[in-house]
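Everything below concerns the one structure shown next.
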Amino acid sequence: MQRSFLPLLTLDATFALASLYVSSALHITPPADMPASINPILAVTFLGIATSSGIGLEVCNSSLRTAPGKKPIRALTFFLLGFFILTLLRSTRVISPQDWILGSTALIGFGILQFCCHRAYKCINARARRQVIVVGTGSAAKRIGDMLALEETRGKLLGYVTLPAEPMEVSQGLIVGPQEDLTRIIEEHGAKTVVVALSERRGALPLQELLSCKMTGVAVVDAPTFYEQVQSKMLIENISPGWLIFSDGFRITPIKRHLKRSLDILCALSGLLLTLPLFPILALLIKIDSRGPVFFTQTRVGEHDKLFKVIKFRTMVHNAEATTGAVWSQKGDPRVTRVGRFLRVSRLDEIPQLLNMLRGDMSMVGPRPERPEFVQTLKRAVPFYSERHCVKPGLTGWAQVCYPYGSSVEDALEKLRYDLYYIKNFSLVLDLRIILRTVGVVLFGKGGR
């Protein structure tokens, strides 16, 4: 998913500048009024608009599913933002009237090119989807088959191959043959990928047949790896400590850590500088709405299980847990104040955590920090839960932009799938992708309670 994001943004930027220069060459504005060369401010602004529009499309296609009818409307919102920016620059005399006409005309051309490019990219991906044979018929195989039925653009299930010791939990109509005929089945169906999804791998793996497939150029992957590639999260139920140890990823070098820390400091200082004017306004609203302090601190579990105090704007009534103790917040929680509900939906209550970032307790991107009372329960109930604490918790994270607000052990398990995927595939490109998707979560108020 990361690999598809950067090429599209690069194409968007190329189309944007091409549209601007083509519009200039065609003399969209009267020749006498045309500037000798394109205003550098206009060019840089237009590049930013193009990137914003590309981000808009990326946000609308994020894993927090958007209703199909709303995606064009939301994408159009980001596109119209470009006209607003151009008009704002014109009203402040940063660019000339001719530059505004030139930029607006080029924006129309860019919109057409961008739409066609993104549609073509999706069509190419759909046609290039993997033809998949699943080895196994148990619960793991059924899960892979059900996943492909929902993710039709990522792969097409051709059928299941049976093994003697495997239970039968898949549809009989999708059985394509026994393990002995695996090579023939692949040739007949034109499969490009074989997914090994066995309930019990020990002593049951058809090694010779799988080796023959591998030697003929067919991709052979296990169920957890294939699930990760398609879903961008981890199949925790089917992985073992050995799989985690020997799989690719989980390599966060000192250089990456230092670079990430530098970016965290830069983001925290920039964020505080931009949001500082909001502090007195929000403080006043909180004090008017309910009694109690403006800020709220709470103990959370950080990197290497180290405890720290997270800082937030108070969104609940004072001493909300005095009688109940530590409990998860639920949808429509009566303890949340009127101003607090707005702060949660808009994510403004998280702004003071920029101070936690400066102190080094948190990062911009990472697993969200959980309360120690819940961590002890989750460690017992959820496999590999402790592994999420090998990195600093984040102000935002892959789980936050891909999954709604969680308030149960089941939600914690689902979020852990995304957290482990992030840790395994950590990169600054993925961090950038998460930050961009966070913009959509904030703008559209997804997941707040």
query = What are the pairs, 6+ residues apart or on separate chains, where a residue within the stretch 332-354 that is not assigned by TED's automatic domain parsing to the domain that holds T396 has its Cβ under 9 Å from a residue that is modelled with pLDDT of 90 or more and in a loop (DSSP other than H, G, I, E, B)?
reply = none
query = Within the stretch 263-282, restricting attention to residues that are within 16 Å of D349 (Cβ to Cβ) and among the β-branched types (V, I, T), which residue is surrounded by the most Cβ atoms within 10 Å (Cβ to Cβ)?
reply = T275
ask   = Got a number for residues in the stretch 299-313 being in contact with a strand residue (DSSP E or B) (Cβ under 6 Å, 6 or more places away or on another chain) and assigned to a loop (DSSP other than H, G, I, E, B)?
value = 1
inquiry  = Return the residues of the stretch 285-295 that are more than 15 Å from N319 (Cα to Cα) and exposed (fewer than 12 other Cβ atoms within 10 Å of the Cβ); say none if nothing qualifies.
reply    = I288
request  = Considering every residue within the stretch 198-208, establish whether at least one is touching a helix residue (DSSP H, G or I) at 6+ places or on another chain (Cβ under 7 Å) and more than 22 Å from I236 (Cβ to Cβ).
outcome  = yes
inquiry  = Please go through (1) among the hydrophobic types (A, V, I, L, M, F, W, C); (2) surrounded by 18 or more Cβ atoms within 10 Å (Cβ to Cβ); (3) under 22 Å from V176 (Cα atoms) for I239 and return the number of the only condition it doesn't satisfy.
reply    = (3)
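Okay, residues lined up against (1) under 21 Å from the mean Cα position of the chain (by Cα); (2) over 30 Å from L276 (Cβ atoms); (3) crowded, with 17+ Cβ neighbours inside 10 Å:
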{"site": "G366", "(1), (2), (3)": "yes, no, yes"}
{"site": "E370", "(1), (2), (3)": "yes, no, yes"}
{"site": "R380", "(1), (2), (3)": "no, yes, no"}
{"site": "G394", "(1), (2), (3)": "yes, no, yes"}
{"site": "V401", "(1), (2), (3)": "yes, no, yes"}
{"site": "D419", "(1), (2), (3)": "yes, yes, yes"}
query = Does V170 satisfy the condition of being hydrophobic (A, V, I, L, M, F, W, C) and in contact with a helix residue (DSSP H, G or I) (Cβ under 6 Å, 6 or more places away or on another chain)?
reply = yes
query = Can you pull out the residues in the stretch 129-172 that are of a type in the set (S, T, N, Q), touching a Ser or Thr at 6+ places or on another chain (Cβ under 7 Å) and outside any strand (DSSP E or B)?
reply = T137, S139
request  = Please note which helices (runs of 4 or more DSSP H) are completely contained in the stretch 205-298 and include at least 1 residues that are in contact with a Lys or Arg (Cβ under 6 Å, 6 or more places away or on another chain) and touching a residue at least 24 places away in the same chain (Cβ under 8 Å).
outcome  = 223-231, 278-289
ask   = Among Y403, Y385, Y422, which is at pLDDT below 85 and over 30 Å from A283 (Cβ atoms)?
value = Y403
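The values are calculated or read from the model by the stated rules, or taken from the named source; none is laboratory data. All values derive from a computational prediction rather than experimental measurement. Positions of Cβ are backbone-derived with ideal geometry, glycine not excepted, and every protein chain shown enters the neighbour counts.
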